[in-house]
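Peer 1: Right, I'll just put the structure down here and ask away after.
The values are calculated or read from the model by the stated rules, or taken from the named source; none is laboratory data. Computed from a predicted model, the values in this text were never measured in an experiment. Cβ placement follows ideal geometry from the backbone for every residue including glycine, while neighbour counts extend to all protein chains displayed. Only protein heavy atoms, including side chains, enter the accessible area calculation; ligands, DNA and RNA are left aside. Shrake-Rupley method; radii C 1.70, N 1.55, O 1.52, S 1.80 Å.
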Amino acid sequence: VSGLSSAIYAGRYNLKTLVIGKEFGGETAKAGIIWNYPGIEKADGYEMIKTMVSQAESHGAEIKEETVINIEKKSDGIFTVMTAEKTYSCKAIVFANGSERRELNIPNEEKLKGKGVHYCITCDGPVYNGKIIAVVGGGDASVKSAILASEYASKVYLLARNTITAEPTNLEDLKKMGGKVEILLQTEVKELVGESKLEKIILSKEFNGRNELKIDGLLVEIGAMPDTEIAGKLGVNLDKAKYINVDNFMNTNIPGIFSAGDITSFFGS
């Protein structure tokens with residue numbers, strides 16, 4: 001969102017603008033129905049992003065669905081941006097590539113990705129119509145995911161390491177789910193079990209007399225990590241959590257490089 005917003009404003013100032021990204025809209029595009037965007041009572045996140053892309057293009061921005069693999073700054077101050085397909089030159093860069101979902105880093109997670117283990121309920125939830133889903137996480141995103149999952153699944157387990165913290169409105173909606181969503185506090189997933197697909201999860205404490213839970217799908221909602229590897233290699237200052245340090249005008253320590261959105265230290269620290 002912040003990258004497209006930057007492109008809209010740059011276009012309105014008649015600046016030649018190129019937006020490069022492998023997945024436009026980030027979490028907003030995957031959010032399902034959005035209720036807290038100022039000026040709009042509710043909107044579908046994916047449709048909202050499509051409108052933003054169209055708006056940026058209408059102001060002259062060029063959109064490229066590519067992956068940036070490296071950026072170099074030349075002695076004359078010009079930046080060279082390299083993707084797998086092409087090389088571009090520019091005078092200024094705005095890093096607005098957001099964050100990537102955190103993983104559990106437990107046995108068999110990598111093997112079972114897309115085979116029962118997921119990180120986006122709006123992307124993969126409908127696959128589990130009438131089945132059993134577990135959601136890992138105790139924040140607002142996990143609560144909203146559990147609510148959305150309940151529209152598809154026959155049963156949803158919400159597993160939290162400590163307590164549940166979410167917007168009061170979302171907590172109220174969660175309560176309305178009744179027994180369809182069951183909350184397991186002080187409970188972590190220690191291991192994933194399955195060969196060609198997820199069959200069950202091993203829990204850190206017993207539930208109903210067993211330390212394992214048979215489920216069809218697992219949604220991981222434990223936050224995100226900033227995608228700042230390329231910025232760091234370029235010499236952009238990062239904070240201790242690897243978010244980009246910016247001032248009040250979104251300047252980084254390198255002239256001509258700016259940053260916006262949840263990749264910046266305003267959001268991460």
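Peer 1: Which Cys residues of the chain have no other Cys beta carbon under 4.7 Å away?
Peer 2: Taking the Cβ cut-off of 4.7 Å, the unpaired cysteines of the chain are C90.
Peer 1: Right, something else. Within 10 Å of each candidate Cβ there may be at most 13 other Cβ atoms; applying that plus a DSSP loop requirement, which GluC sites (Glu not before Pro) in region 1-77 survive?
Peer 2: Working: sites: E23, E27, E41, E47, E57, E62, E65, E66, E72; in loops: E23, E41, E65, E66.
Loop-located and lightly packed - E23, E41, E65.
Peer 1: Strictly over 23 Å apart at the Cα level, which of K91/K233; K50/K115; K86/K233; K144/K175; K22/K144 would you flag in this model?
Peer 2: Those over the limit are K50/K115; K22/K144.
Peer 1: Just from its helices, what would the mean residue ellipticity at 222 nm be for the chain, if runs of 4 or more DSSP H residues each count -39500 (n - 2.57) and the sum is divided by every residue, rounded to the nearest 500 deg cm²/dmol?
Peer 2: Taken over the chain, the calculation gives -6000 deg cm²/dmol.
Peer 1: How about region 145-228: which GluC sites (Glu not before Pro) there are in a DSSP loop, with at most 15 other Cβ atoms within 10 Å of their Cβ? Working shown, then result.
Peer 2: On the way: sites: E151, E172, E182, E188, E191, E195, E199, E206, E212, E221; in loops: E151, E188, E195, E199, E221.
Counting only loop positions with at most 15 other Cβ atoms within 10 Å, the GluC sites (Glu not before Pro) in region 145-228 are E151, E195, E199.
Peer 1: Run through region 194-269 and list the trypsin sites (Lys or Arg not before Pro) located in a DSSP loop whose Cβ has at most 16 other Cβ atoms within 10 Å.
Peer 2: K197, K240
Peer 1: Continuing with this model, one more query. Not counting the cut sites, what is the longest span of the chain without chymotrypsin sites (Phe, Trp or Tyr not before Pro) that DSSP labels loop and that have at most 16 other Cβ atoms within 10 Å?
Peer 2: Working: sites that count: Y13, W35, F249.
Longest run free of exposed loop sites: 36-248.
Peer 1: Treating only the Cβ atoms of Lys and Arg (+1) and Asp and Glu (-1) as charged, compute the dipole magnitude of the chain about its Cα centre; round to the nearest 20 debye.
Peer 2: Computed charge dipole of the chain: roughly 180 debye.
Peer 1: Identify, among A153, I254, I20, the residue whose Cα sits farthest towards the positive end of the charge dipole of the chain, taking +1 on the Cβ of Lys and Arg and -1 on the Cβ of Asp and Glu, with the dipole about the Cα centre.
Peer 2: Towards the positive end, the residue furthest out is A153.
Peer 1: So with the 1.4 Å probe, I'd like the accessible area per residue for region 1-130, rounded to whole Å².
Peer 2: On the way: 7980 Å² over 130 residues.
Accessible area per residue, region 1-130: 61 Å².
Peer 1: Same structure, new question: Region 173-215 to region 128-171: how many Å between their Cα centroids?
Peer 2: 11
Peer 1: Write down the percent of antiparallel bridges among all DSSP beta bridges whose residues are both part of region 37-172, to the nearest 5.
Peer 2: Here the antiparallel bridges make up roughly 60 percent for region 37-172.
Peer 1: Whenever you get a sec, compute what percent of the accessible area on region 79-223 sits on carbon and sulfur atoms (1.4 Å probe).
Peer 2: 48
Peer 1: Dipole size in debye (nearest 20) for region 45-127 around its Cα centre, Lys and Arg Cβ +1, Asp and Glu Cβ -1?
Peer 2: Dipole size: approximately 140 debye.
Peer 1: Right, something else. Taking 7 Å along the Cα-to-C-beta vector as the label spot, tell me the E103-N70 distance in nanometres, rounded to one decimal.
Peer 2: Taking the two extended label points, one gets 2.5 nm.
Peer 1: To the nearest 10 degrees, how steeply does helix 45-58 sit against the main Cα axis of the chain, on a 0 to 90 scale?
Peer 2: Once rounded, one gets 10 degrees.
Peer 1: If you don't mind, another one. Assign unit charges at the C-beta atoms only (+1 for Lys and Arg, -1 for Asp and Glu), then state the dipole size of region 216-265 relative to its Cα centre in Debye, rounded to the nearest 20. Could the numbers behind the result be given before it?
Peer 2: Values: 3 positive and 7 negative charges, 60 e Å.
Result for region 216-265 is approximately 300 debye, rounded to the nearest 20.
Peer 1: On to the next question. Starting from the Cα coordinates of region 57-133, work out the convex hull volume and express it per residue in Å³.
Peer 2: On the way: hull volume 13.3 nm³, N = 77.
Convex hull volume per residue, Cα atoms: 173 Å³.
Peer 1: Could you work out the relative contact order of the chain? I mean the mean sequence separation of Cα pairs under 8 Å and 6+ apart, divided by the number of residues, in percent. Numbers along the way, then the final one.
Peer 2: Values: 536 pairs, mean separation 48.3, N = 269.
Here the relative contact order equals 18 percent.
Peer 1: Which of the lysines could a cross-linker bridge to K205, judged by Cα under 18 Å and excluding same-chain residues fewer than eight apart?
Peer 2: List returned: K190, K214.
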